[in-house]
Every structure is written in structure tokens, then in C-alpha cells.
Amino acid sequence: MQLLLIDALNLIRRIYAVCESQYGPQSEQAITHAIERTANAVQKLNRQHQPHYALAAFDGDTSWRYDFYEGYKASRKPMPSALQQQLPRFIDAITQQQVNVVRAENEEADDVIATLAAKASAQGLQVIIVSTDKGYLPLIDKGVIVYDYFNKSARTREDIEKKYNVGVEQLWQYFALVGDKTNDIPGVSGIGAKSAQTLLHTYPTVAIALQEQPDGKVQQLLTRNLSDYVRALALVSLRTDIDLGISLKQLRVREDAAHIILTTQQS
């Protein structure tokens, strides 16, 4: 049994960027071709993976991260207005491919997907997350696959460990130490990639490193700027415990796929 989870805006915005470069910004041609290519992409994913359950998750209007840290995604360019206004057409195109669309009003798609992935894999389902977002990589485990539609490949533990030089289970800690420029999340001042890798090679977790006498420079920096690390770790880690109030039965691949809007309660 397989559950296909599509990071909808991650897919759509990359497709639209290509169409915009071909047909021009704010053009109906760019929108029309992007909708067609999105529908084709979802159709191909269905055909390739043949999931029993599937959904495409969209971001809600806000997220707890914006309240927690005012600089979150502060420098990110807003979605092109032409695309924003036409999202209902993209949603229709996806549901026509028998895939349900879910949007939790006050959650990011990342947390919705991570929550469903954790729950489904715990029930023995194989989970395929379709996204190029590195934030999902720590979820890679026995029952979770992160698939890059554009490269037509699944990310492996070996790929990740080669790129970041830390274990998959250490990735969120690594991102918290060095920061995440994509989302404007600062890490720990003075700690770069090599320092973070050395620390996580020496200790399996940052928590264990903090229990040791802070005699090394990296440990001293971490101890001095611990609040920065705690903030970054909260921001880069995906939630897997959101009360979504939906069942797998609602996510079956079916002809009458629907657009489901959720009001969530965080535990």
C-alpha cells in the first residue's frame, strides 16, 4: 500500500517558472501551459507509483513560524500575482487526476505532509513525498521516500550523507547549527558547515555535546548562543503531530477527488 504526498506549490512554482520564461510574465499562455504541465506531472506520478492513497498539499494562509520568528522567509519573493490568482485552476487540474487537494488554513504544506508521512509509515504504508525541498530529507527512513520529480530520482541516504557529511537523523540539527538561507533562518553565530560536521561526527546529537565540558571552540560557541540554536531547530524541524482530522480513507485515489480545507489543532 502506497501513499503519494505532493508538495503542491513546490511542484507548481517550478513548472510555472519555466512557462513564465517561455511565454512571459503575467501571460495567460504561461498559466495555461503551467496548468497542463502540472496535470501531466500528477498523472505521471500516479502512473509511475500507482498509489492507493494520494494528496497534494498546499500552504495555508499563515503558519506558527511567522509568529515564532518575524524574520522567517522575510527575503523570499512573493508568489507572482498571476499565479496566485489562478491557483483554483491548478487545484481543479490536480483533482481531475484523481488526487485530493488538502489545505490546512494555518499550516504549511511541509508540516501537513510530514505529519501524514509519519502516521502512514507507522501503519506500514510506503510513503512517497514529491518535493525538491531539503526539509523533508530527515524523514527518509524505511517507509519514506523523497522523490525529485524534475530529476526523476529518489534521494537516498548515501546521497544525503555525501552532500551534507552528516547522518540523515542529524540533518535537522545540522540545519539548525548552520542556518537555512532559503527560509531566512539564522544558525549559530560562528558555526559553519565544517564546524557543524565535526561536532556531529564527535557526538551523535547536539544535546549530548552540550552535556560535555565545553572545552572546544565549537562547543563554547554553541553554549554561548544556545538560544539561537533552539530557535533555529524549532524552525527547521517539521512537525509530525498536527491534528489534521482526516483519515486515509478520505485520501483514496478516486474520480471524485476533492479540495479539503482543514482547521487544525496542534498538540
### Task
Can you spot the lysines whose alpha carbon is less than 26 Å from residue 44's alpha carbon? Ignore those fewer than 8 places along the same chain.
119, 134, 142, 152, 249
### Query
Using all Cα-Cα distances in the chain, what percent lands in each 5 angstrom bin from 0 up to the longest?
1, 6, 12, 16, 17, 16, 13, 9, 5, 3, 1, 0, 0
### Task
Summarise the accessible area of segment 129-212 (1.4 Å probe, protein heavy atoms) by the percent that is carbon and sulfur.
50 percent
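For 28, 255, what's the largest-to-smallest order of accessible area, 1.4 Å probe? Kindly include the intermediate steps, with their values, before the conclusion.
Values: 28 100, 255 160 Å².
Highest to lowest solvent-accessible surface, that is 255, 28.
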### Query
For the pair residue 150 and residue 182, what calculated FRET efficiency results from E = 1/(1 + (r/R0)^6), where r is the Cβ-Cβ distance and R0 = 22 Å, to the nearest 0.05?
0.85
#### Entry: Residues of the chain: accessible area per residue with a 1.4 Å probe, Å²
49 Å²
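The values are calculated or read from the model by the stated rules, or taken from the named source; none is laboratory data. Just so it is clear, the structure is predicted and the values come from calculations on it, not from any experiment. Backbone-built Cβ (ideal geometry, glycine too); neighbour counts: all protein chains shown. Accessible surface areas use protein heavy atoms only, side chains included; no ligands, DNA or RNA. Shrake-Rupley method; radii C 1.70, N 1.55, O 1.52, S 1.80 Å.
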